[in-house]
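Here's the structure we're looking at; comments come further down.
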Amino acid sequence: MARIVGDYTGRPGDRYAIVASRFNRSVTEALVEGAVDTLVRHGVAPEAIDVVSVPGAFEIPFAARRLVDHYQAVICLGAVVRGETPHFDYVAGQTAAQVAALAATAPVPVIFGVLTCDTMEQARDRAGGKAGNKGAEAALAALEMVSLARRLTPPPEQAGD
């Protein structure tokens, strides 16, 4: 039995995109900082990381779809916090569904790092607070999946086969 796993090492020439919602900016900026810091600490050059800003979480899938052909991975970050209306359910559910659909068909890993929280306190806790930084975790997932994708790509056919 062979066990195929990825690692967390950025490679020269690899480019990473982060699509980040501006809504709940204090939270999303902390997620972006965590993701960028993690990518750089694992060998990705800062100039090989592009951050694309979108108005809200609902716009993340559109931007991510435009980026998948140009990067080794696309990391989607945002924060949707439950309010007093059903708006949360629609935005969180559709954003998750659309990112998942893109991830299933994209040529590169698409990572879901959109927080869906009941309160701003929960969101802050997951953006560098007591629950860690989910942006950093999303960046680790991206690194691992890029590495794994390379290992899952079959070698080129040998001449004469």
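Just so you know, all these numbers are worked out from the coordinates, no wet-lab data involved. Everything numeric in this text was worked out from a predicted model, so none of it was measured. Glycine also receives a Cβ, built like all others from the backbone with ideal geometry; neighbour counts cover every protein chain displayed.
Flag: residue 74 does not match the condition of being β-branched (Val, Ile, Thr), surrounded by fewer than 18 Cβ atoms within 10 Å (Cβ to Cβ), closer than 22 Å to residue 150 by Cα and in contact (Cβ under 8 Å) with a residue 24 or more places away in the chain. The condition (being surrounded by 11 or more Cβ atoms within 10 Å (Cβ to Cβ), free of Cβ contacts under 8 Å to residues at least 40 places away in the same chain and outside any strand (DSSP E or B)) is satisfied by just one residue among 142, 92: 92. Candidates 127, 104, 97: the one that is closer than 18 Å to residue 22 by Cβ and among the small types (Gly, Ala, Ser) is 127. Entry remark, the range 109-133: residues being touching an Asp or Glu at 6+ places or on another chain (Cβ under 8 Å), outside any strand (DSSP E or B) and touching a residue at least 12 places away in the same chain (Cβ under 8 Å) number 0 in total.
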